[in-house]
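The next block holds one structure in the form of structure tokens; read it before the comments.
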Amino acid sequence: MVPNPRFKQVFVLSTAMLSFISFWKAASIVLCDFGSSAYYAGGIAMNAFGPAFPWFIMGVMLFSGLMLGVYTESCIMFVRGGVYVVVREAMGKVMAKLSVSALIFDYTLTGPISSVTAGLYLGSLLENIMPLLHINWHVPGRAFAVIFAVIVTVYFWRENIRGIEESADNNLKIISFVAVVAVVLIAWSGVTLYLRGFTLPPFVPEFTPKALGWTTEFPWIKAVGAVGLIMAFGHSILALSGLETLAQVYREIEDPKVENLKKTVVTIFFFSIFFTGLLTFISALIIPGDLIAGKYADNLLSGLAIELSGPYWARLLMQVAVVISGTLMLVGAVNTSFVGSNGVLNRVADDGILHDWFRNLHKKFGTTHRLINIIAVTQILIILISRGDIFLLGEAYSFGVLWSLTFDTLSMIILRFRKRDEEREWMFPFNIKRNNIYVPVGMMAVLMVLLAATGMNMLTKKVATIGGVLFTMTFFTIFHISEKLNEEKARLYAPDEDNDEKMNLRREADINTVVPELTKARRVLVPVRNPNNLVHLASVLETVSDDDTDIIVLSAKIAKGIQVGGETMSDEDKEVFSAVVLLAEKYGKTVKPIFVFSNDPFYSMAQVAQAAGADEIVMGVSGSSGAEIQLERLAMAWGMLKKADARVKPVLAKVVWEGRQMTYQLS
């Protein structure tokens, strides 16, 4: 006699229910960070090496195509990638800790430079609007920007404590609005250039004293020729910020994943060329050089709007549009800095190099509030110490940008040799094949450029180098000490529930409470038990359409008797679901993971399939019993269920393994 097989507890793993997004939305998320540099990179470069700045900003945008290629290969290799994962695989944990420390510096600076820039743009707009309203008040530019930046930082600190997440829909709306404003601005600029004529800016950089740094102590380093070009390129490299966001968003790109990644990369590249590159170049053609270095140094695109040809009221409206679009994008980048920093720190914490104290969960909101507090305090200190000096913030920002790009590129070159047998769906171009190795000549050339720019930046940016090294070594030390403490804790204490991975499980009383969440026309139930035997799940992910099919992944744990409460997932259960999530992310399709305790797993399959109205049950083959026995046991459970309820819907049962499958109609 079969024991009472009903189960009362259902656990839904909501962390795995990803909402996969189109390449348009993925590109918009990256561009809200990457594209924000258009509002400040030109002015910073102008104050570093003079009127030649637009050539080098455009050069950096063209170079971004190469870096996007490097990130494309790394993303395809590591669905949950990024600098930390890539460097760890290539050079080990020590170098990974160093690289992620520099990356945190990059993310941390994103907030201050974006919020201060937004404040400066708003201040410049108020300066033009106040007289029209007969308000006799001079807007103190930097002071206003600092106050605004602190307010924005505090706002996003509060929202991230409460659990705010970036919305792909909001990012797409922002980028769409920015694109419309940019098109109008470019068209109007074209008319202005036609009416006024123009002269191309000089190509030879003329460095200001503050842009030479320690090179003044070494007279033999002349800022001319190739050295001067590398120095100017290094002062423009901050326009390349935000590419790491591509690695973070790749896991959410929908199927077909690789093709949509390529479309995302192409969209980002062309947008950056026309938005950051072209608008910066046009600004240099229309705005007098002394105004770029002075009045409009901190709000270049706002200055471009005002300096166009046409009536003042129309130019002021154009400035309003530029400032609104810029503020939206820049403020969005502040939130990205919180989300990105917190995400990276949580990822390294999962790898055991950040102490559990740091990721203590907020009692009410369940967020890692201590990490968010550290990020917020650091950003506010940077804003106050810099006093709203965009040039200083930009110079410091480029430190983290360059080092993270250099680490990522070097690691990808090493992985070409270390993982020579791993098949790649796409490789960075210009390779020479020797035996079974594709020697990455093109990637090596990119690395040479990055190393040259990194070395020159270390010499030319005193404050940025000192600040960046201190920040990086501070975080590296924290990671190193945390890792040692975690190792000591692991030796002293046996694993218990306090050490369990924090998984976002939702408990439901019965499977019928979950069914209303299944809204698609077709439903496929995929039972899983072994993280190393997910061939059947992969076959489902490869073949079904995410638009019209709900994929329910069921794990049933054998329990002695019926559990009432207090059930917990074991490490083995978590390993299964971790593998499921990774596979779903790889194929870019949504799954609905459900975990139950049951004394009969086959009855659990039948009951969940019946309650969910499944059209198919797809099982993996069991090494202990075989496909025929599995189908027989499922058929027996189905028969018991049908005796209890004659309205049971017929379902097609499959057992799938490498190159074969066996089917049986359960009616």
Any residue in region 21-36 that is part of a strand (DSSP E or B) sitting within a Cβ distance under 7 Å of a residue that is among the aliphatic types (A, V, I, L, M)? List the pairs, counting only those 6 or more apart or interchain. ILE21/ALA168; ILE21/ILE253
Can you say whether PHE338 is loosely packed, with under 15 Cβ neighbours inside 10 Å, assigned by TED's automatic domain parsing to the domain that holds GLY119 and either over 14 Å from the mean Cα position of the chain (by Cα) or on the phi < 0 side of the Ramachandran plot (or both), as far as the supplied structure shows? no
Select the helices (runs of 4 or more DSSP H) contained entirely in region 274-359, then report the ones holding at least 1 residues which are more than 23 Å from GLU127 (Cβ to Cβ). 279-286, 312-350
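For VAL581, are the conditions met, namely being in contact (Cβ under 8 Å) with a residue 24 or more places away in the chain, of a type outside the set (Ser, Thr, Tyr) and in contact with a strand residue (DSSP E or B) (Cβ under 7 Å, 6 or more places away or on another chain)?
When the stated conditions are applied, VAL581 does not pass them.
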Out of the residues in region 510-556 that are at pLDDT 85 or above and charged (D, E, K, R), which is nearest to PHE602 (Cα to Cα)? ARG529
Filtered residue count, region 228-242, keeping only those that are under 20 Å from ASN171 (Cβ atoms) and surrounded by fewer than 21 Cβ atoms within 10 Å (Cβ to Cβ): 0
Pairs, please: C-beta under 6 Å, at least 6 apart or cross-chain, first residue modelled with pLDDT under 90 and in region 63-90, second outside any helix (DSSP H, G or I)? VAL85/PHE78
Can you pull out every residue in region 389-446 that is basic (Lys, Arg), more than 25 Å from the chain's Cα centre (by Cα) and part of a loop (DSSP other than H, G, I, E, B)? ARG420
Can you tell me which residue among LYS8, LYS97 is at pLDDT below 90 and either among the small types (Gly, Ala, Ser) or in a helix (DSSP H, G or I) (or both)? LYS97
Check whether at least one residue in region 393-409 is modelled with pLDDT of 90 or more and farther than 30 Å from ALA48 by Cα, and report yes or no. no
Boolean, GLY394 is over 30 Å from GLU575 (Cβ atoms) and surrounded by 19 or more Cβ atoms within 10 Å (Cβ to Cβ): yes
So which residues in region 557-567 are modelled with pLDDT of 65 or more and surrounded by fewer than 18 Cβ atoms within 10 Å (Cβ to Cβ)? ILE558
All but one of (1) modelled with pLDDT of 80 or more; (2) assigned to a helix (DSSP H, G or I); (3) not aliphatic (A, V, I, L, M) hold for PRO593; state the number of the condition that does not hold. (2)
Count, please, the residues in region 164-175 that happen to be in contact (Cβ under 8 Å) with a residue 60 or more places away in the chain and part of a helix (DSSP H, G or I). 7
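So that you can scan it fast, the table gives a plain yes or no per residue for (1) surrounded by fewer than 24 Cβ atoms within 10 Å (Cβ to Cβ); (2) within 15 Å of ALA556 (Cβ to Cβ); (3) touching a residue at least 24 places away in the same chain (Cβ under 8 Å); (4) aliphatic (A, V, I, L, M):
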residue: PRO601; (1), (2), (3), (4): yes, yes, yes, no
residue: GLU616; (1), (2), (3), (4): yes, no, yes, no
residue: VAL621; (1), (2), (3), (4): yes, no, yes, yes
residue: ILE629; (1), (2), (3), (4): yes, no, no, yes
residue: ALA635; (1), (2), (3), (4): yes, no, yes, yes
residue: MET640; (1), (2), (3), (4): yes, no, yes, yes
residue: LYS643; (1), (2), (3), (4): yes, no, no, no
residue: LEU652; (1), (2), (3), (4): yes, no, yes, yes
residue: VAL655; (1), (2), (3), (4): yes, no, yes, yes
Scan region 543-554 and report the pairs whose first residue is on the phi < 0 side of the Ramachandran plot and whose second residue is surrounded by fewer than 18 Cβ atoms within 10 Å (Cβ to Cβ) and in a strand (DSSP E or B), with Cβ atoms within less than 8 Å and a gap of 6+ or a chain change. VAL544/ARG522; ASP548/ARG522; THR549/ARG522; ASP550/ARG522
Can you tell me which residue within region 133-163, out of those that are assigned to a loop (DSSP other than H, G, I, E, B) and either of a type in the set (Gly, Ala, Ser) or touching a helix residue (DSSP H, G or I) at 6+ places or on another chain (Cβ under 7 Å) (or both), is nearest to HIS362 (Cα to Cα)? GLY163
Filtered residue count, region 628-660, keeping only those that are more than 43 Å from the chain's Cα centre (by Cα), small (Gly, Ala, Ser) and assigned to a loop (DSSP other than H, G, I, E, B): 1
Residues to consider are PHE358, PHE407, PHE338; find the one that is in contact with a helix residue (DSSP H, G or I) (Cβ under 7 Å, 6 or more places away or on another chain), over 22 Å from VAL94 (Cβ atoms) and aromatic (Phe, Trp, Tyr). PHE338
For region 176-231, give me each residue that is touching a residue at least 24 places away in the same chain (Cβ under 8 Å), farther than 29 Å from ILE286 by Cβ and of a type in the set (Val, Ile, Thr). THR215, ILE221, VAL227
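The values are calculated or read from the model by the stated rules, or taken from the named source; none is laboratory data. These figures come from a predicted structure and were not determined experimentally. Using ideal geometry, Cβ is built from the backbone for each residue, glycine included, and neighbour counts are taken over all protein chains shown.
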